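The values are calculated or read from the model by the stated rules, or taken from the named source; none is laboratory data. Nothing here was measured: the structure is a model prediction, and the numbers come from that model. Positions of Cβ are backbone-derived with ideal geometry, glycine not excepted, and every protein chain shown enters the neighbour counts.
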Amino acid sequence: MSCHTEGKRRQLLEQAEELIKTYNPKRTTLESHANEYLSINKLNANDADGAFLKEVLYGVMRCKAALKVFAACFFNDMSARVLRSDYTMYMILTYLSVFRLQELTISEFRKFVLSIDPDKMVNFLEYVFNASSLEDSGVVAHWTKIFDPDYVRNTLLKQLTSSSLEIQQIIAELRDKSTGITAAKQACKDCGTMVMTPGQRKEVKPPKLTAPVPRVVPEPSVIEQELSCKSSGFVADMTPERRVTGKLENTICHPIALHGTRSTVLVAQEAMETKRVDQLDFSRTNGSKGKCASSVAMVKLNAATMFREDALFRTKQEQEAVNINTYEAELRDCADFYHWQLDMRARDQKTRYEQIARTRDLARASAEEAQQARLDKLVHNRQTALLGVAERDAMQTQLCLEKNLSLLKKRQLVSALKQGRTHARQHALEAILIEKREFRTKLQQDIKCRLHEQDLHDKKRTKMLTQRVKQLKAEHSVHSKNMNIFDPTDASGYGLLDEMSLVEMHQRLAKNKKRADEERKCRRLDFIEANRAKQHRLIERIENIKRIRVAAAAKNHQTKQGHIERLSNFKADLRHREASLLLKLGEDFKNKQQKLIVEEAQTNKNQHVTGADKMVKERIAQEELLQGAARMAKVDQRNCLGLMAKYEVGKRRDRRQIDRNHALENEAQKKEKTSGDTRVAEGTREMMKLQKQVIAKKKAAYLTQKKLHWEKMRTIVDPYTRHTNLLSITRAKRHLVTSQ
């Protein structure tokens, strides 16, 4: 039943942790999120579990600031004993123990505590229900900034201190559970045996005693009363110290046969230490020194040598048998044969000795040559090694020089870039000003040249017109006939009014004016059409620029999305690696635990065979070994997790630095691009201003030239009308006067 309640409480805590982790205040409210979660998990809000989850969610969100302060101080002080992955679980337990302990009651709180890992809960309860530790860590000071100081000290801390006795009992129970005493009790209850704890006392029942067995008395031994006389020197030498040492020297010390307990931890520790020592042993093995040739040459006998000696011996025996047969056939004395045999044996022995001496000389010479060759090879190897060292030093110096050269080039490039960044704008402005001055001077020279050409053309035209006027005046002003009486009907052909009536002159002037107006309208329409075409071109250019910018923005967005996806994939891969590593560590721990359980079962079996006292002692020793192994495994796991956390923190820091560097580079590139665009825009505006000024000057010059031309054309069209009228009037008056 207790296992069922613990599992239920553990499930409630996991659901509350998931409910708090999945809450996003930017998307939903607390009420809607809680209802949605309860509906997904098929829980009723009116039930006890649903109400508990909603109350925990509301309370944690309401007291989030105080809980965060406590969690920060708790993880800072207990960083070596807690895991960051249990952050939300510790926040929920802090809320229940600090703000809702009276409503929850100690018994219900105990059920929640027993459903979690005992080591985690021991550290948490010792930290929370210790007012002095909360004061020292600064939790109370931060809480007084959030809540009323009287409420913190008189309500919260008072509740924690008042319930410290019950919490100490829970802590003791958790420690028994973590050390395995509770499991041993349960196992003994299942087996029907009894386990003694240090706090319990066993009631000793006296055994049923029977009549004692009569004592066995040994036979008396004879005591010798004789005294042996010894010398005075021996007695003087036998001081008390000498007597004691003599007694101790004569005693025989038998070694105590102790029972060796089985300890796999020590063996594993020694194996690990030897392995690490072997890994850290970087001493090089010294090469074997060359063996010097001995003065006596060694001759090796093998099968070929033996067969060769046997063949020679057989041929010799055959020759001797043939000689004996010839001696016997010739009826010669055997003494000759024996003399010959002795001579031949002596000669063969001498030949053999000479051959052995020659072989030894050859072997000695070959050994000396081999020794000399070995020495020569050693010298050659040393020379090669010296050449390699010299070449290595030369290569290192060359590499160092190349690195210094590349570093110098990079420094020069950086200095040039810095100077370019500082003076590039000034040089660009100076270049633009110089270009503008050159363009202005060229434009002024062009205007002067054109004005000069126009003046020359005007002078030439005026000169030609004056000559033409003089010619016309010479042709039409001189009359061949003199009239005494002026008759308008007979005035044709005399140059009066230049043979043009006043009506015709007005008509011609009206036609000229109309023609000029039409030309002006045509020019205005052409100018408007040109402006429209220019405006249309500018609109098309703006649309092209917009299209290019939209494409560039889409491409930048795509690259940014790709970068985000790569980053998310990298984070997912990293989380998968962490999960796989944790699973692997968990599997290793389970395997070790299974092995320890098997060993414990074996030891229990052995204990049942050997006896109760020995079984209890070995069980205690085995439990201590298991606890030590578990502690070592936990320490290794914590070290691995700490190293992983440090590695991940360093990796994230490097990644953030790389991203920041990329962002700074992109920002610098954007600034350079925008500055270039602004300079181009300013240059285009200045060019447009200059073009407008040039166009205005051209327009003004055109208007002045047109006005002058109009005046000249006016004088050309009706050059001497007034003068001719005056002459005609004076002539008419003169004629009238003469006629009168």
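Yes/no per residue for (1) over 30 Å from residue 640 (Cβ atoms); (2) of a type in the set (Val, Ile, Thr); (3) in contact (Cβ under 8 Å) with a residue 12 or more places away in the chain:
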site	(1), (2), (3)
76	no, no, yes
82	no, yes, yes
88	no, yes, yes
92	no, yes, yes
104	yes, no, no
108	yes, no, no
132	yes, no, no
151	yes, no, no
164	yes, no, yes
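I'd like to know if the range 66-79 contains one or more residues that are assigned by TED's automatic domain parsing to the domain that holds residue 21 and outside any helix (DSSP H, G or I). Step through it out loud before you land on a result.
Within the range 66-79, the subset assigned by TED's automatic domain parsing to the domain that holds residue 21 is 66-79.
When the remaining residues are screened for being outside any helix (DSSP H, G or I), the result is 78-79.
Looking for residues that are assigned by TED's automatic domain parsing to the domain that holds residue 21 and outside any helix (DSSP H, G or I), one finds at least one in the range 66-79, hence yes.
Please go through (1) at pLDDT below 80; (2) assigned to a helix (DSSP H, G or I) for residue 492 and return the number of the only condition it doesn't satisfy.
(2)
Does the range 558-581 contain at least one residue that is of a type in the set (Val, Ile, Thr) and in the same structural domain as residue 692 (by TED's automatic domain parsing)? Full working, then the answer.
Applying the first criterion (of a type in the set (Val, Ile, Thr)) to the range 558-581 yields 559, 564.
Of the ones still in play, those that are also in the same structural domain as residue 692 (by TED's automatic domain parsing) are 559, 564.
Yes, the range 558-581 contains at least one residue that is of a type in the set (Val, Ile, Thr) and in the same structural domain as residue 692 (by TED's automatic domain parsing).
Select from the range 11-30 the residues that are closer than 25 Å to residue 147 by Cβ and either surrounded by fewer than 14 Cβ atoms within 10 Å (Cβ to Cβ) or in contact with a strand residue (DSSP E or B) (Cβ under 8 Å, 6 or more places away or on another chain) (or both) and list them in ascending order.
25, 29
Go through 428, 416, 424 for me and flag whichever is closer than 30 Å to residue 672 by Cβ, touching a helix residue (DSSP H, G or I) at 6+ places or on another chain (Cβ under 8 Å) and part of a helix (DSSP H, G or I).
Unique residue meeting the criteria: 428.
Name the single residue that is nearest to residue 359 (Cα to Cα) among those in the range 298-321 being β-branched (Val, Ile, Thr) and at pLDDT below 80. Reasoning before the result, please.
In the first step, residues of the range 298-321 are kept if they are β-branched (Val, Ile, Thr); the result is 299, 305, 315.
Subset that is at pLDDT below 80: 299, 305.
On the way: 299: 8, 305: 13 Å.
That would be 299.
Which ones in the range 96-129 are of a type in the set (Val, Ile, Thr) and either farther than 21 Å from residue 58 by Cβ or not in a loop (DSSP other than H, G, I, E, B) (or both)? Let's see the steps before the verdict.
If we filter the range 96-129 for residues that are of a type in the set (Val, Ile, Thr), which is where we start, we get 98, 105-106, 113, 116, 122, 128.
Listed by number, the residues that qualify are 98, 106, 113, 116, 122, 128.
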